[in-house]
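Each remark here refers to the structure printed beneath this line.
The values are calculated or read from the model by the stated rules, or taken from the named source; none is laboratory data. If you're wondering where the values come from, they're calculated on a predicted model, not measured in any experiment. We place every Cβ from the backbone using ideal geometry, glycine too, and count neighbours over all the protein chains shown. All accessible areas refer to the heavy atoms of the entire protein, side chains included, with ligands and DNA or RNA removed. Shrake-Rupley method; radii C 1.70, N 1.55, O 1.52, S 1.80 Å.
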Amino acid sequence: MSLEKLQDAVGEIRDDLIADADVRPARRKIHSGRLAVAACLLIAVFAFSLPLLRTADSAPRQWSETMTAKEYFKNSGKKGSSQASSSSASLVMPPFAAELSLSDRRALFEEEGVIPPLTDHPEEDFRAEFNGDGSLYKLCFWWMRRGEKGAEGYSDLVYTAAPKGIHEISDMIYVRTGEDGEPLPPFVTATERDGILILGEGAENETKTLSWQDGRGWHQIRGSFGDSYEDLVSLLDWFWEHPLELERFEALATECVIF
């Protein structure tokens, strides 16, 4: 990526900051603290600009009822000759204080419509994690299926949810350039559905994720190499029609022995 394009992405840099950076070694030593702060600020601004590069590079697709599952991942598999930076739509969280297994409540949750009845996934690992003050840290519903012939029939479907505002959300993605130095479409596919941005990553025979934020919190659906686009989008559609109420799980903190 050329210097001009990098500056466009980061934003205009004031002349006085450029002048401060263009100093002789002796003076640089005297003002090393100020220069270090300026450098950190520039790095932070560039990191913040990465999602904007994604938006400029590939505008979000507008969801419609006729959309296929694969269209949530339309940028997957498009590789470039270089990768300038990488990250993903993920939840950045400190260690939690306590954990409570919810696997024994699967039938109850299915009956109450809290989770879908995935009858073809007989194994599960459901759990709630809490902060030291008893507030909800994260929920994880993990459905598993193991085929009799190794990888055939293998499936790991995971739905994770956490309250928004408690944790930092990272939404940086691959910034790629081709052999000619021009930007390439990102691996992440952005789809706007009911005013909410859904980020899709991954391809067939790979781990795949669908991540989004709404007024209730942060959400992600993850599938293994054995899961199809349709598997993930089917789970997404279910939770879209049956939003998980995180508040109901706050009361379960009292069942944890130690915080």
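For segment 212-226: of the residues being over 14 Å from the mean Cα position of the chain (by Cα) and closer than 18 Å to residue 140 by Cα, which is most open to solvent (accessible area, probe 1.4 Å)?
Let us first name the residues in segment 212-226 that are over 14 Å from the mean Cα position of the chain (by Cα), namely 215-216, 224-226.
Those left that are additionally closer than 18 Å to residue 140 by Cα: 216, 224.
Values: 216: 115, 224: 12 Å².
Among those residues, the one meeting the criterion is 216.
How do the pairs read when you match residues in segment 228-250 that are more than 26 Å from residue 135 (Cβ to Cβ) with residues anywhere that are open to solvent by 60 Å² or more (accessible area, probe 1.4 Å) and modelled with pLDDT of 95 or more, using Cβ under 7 Å and keeping only pairs 6 or more apart or on different chains?
Once the first residue is more than 26 Å from residue 135 (Cβ to Cβ) and sits in segment 228-250, no partner that is open to solvent by 60 Å² or more (accessible area, probe 1.4 Å) and modelled with pLDDT of 95 or more comes close enough.
Would you pick out the residues in segment 227-238 that are open to solvent by 20 Å² or more (accessible area, probe 1.4 Å) and not acidic (Asp, Glu)?
First, pick out the residues of segment 227-238 that are open to solvent by 20 Å² or more (accessible area, probe 1.4 Å): 228, 230-231, 234, 237-238.
Of everything in segment 227-238, those that are open to solvent by 20 Å² or more (accessible area, probe 1.4 Å) and not acidic (Asp, Glu) turn out to be 228, 234, 238.
Within segment 93-102, can you find the residues that are open to solvent by less than 30 Å² (accessible area, probe 1.4 Å) and modelled with pLDDT of 90 or more? Outline the logic, then answer.
If we filter segment 93-102 for residues that are open to solvent by less than 30 Å² (accessible area, probe 1.4 Å), which is where we start, we get 98, 100, 102.
The answer is 100, 102.
Suppose we keep only residues that are outside any strand (DSSP E or B) and either at pLDDT 95 or above or under 20 Å from residue 233 (Cα atoms) (or both) within segment 123-160. Which one would you say is most open to solvent (accessible area, probe 1.4 Å)?
Narrowing segment 123-160 to residues outside any strand (DSSP E or B): 131-135, 146-148, 150-151, 153-154.
With the extra rule that they be either at pLDDT 95 or above or under 20 Å from residue 233 (Cα atoms) (or both), the set shrinks to 153-154.
Numbers: 153: 36, 154: 56 Å².
Looking at residues that are outside any strand (DSSP E or B) and either at pLDDT 95 or above or under 20 Å from residue 233 (Cα atoms) (or both), I get 154.
For residue 203, work out the one condition from (1) open to solvent by less than 10 Å² (accessible area, probe 1.4 Å); (2) under 29 Å from residue 151 (Cβ atoms) it doesn't fulfil.
(1)
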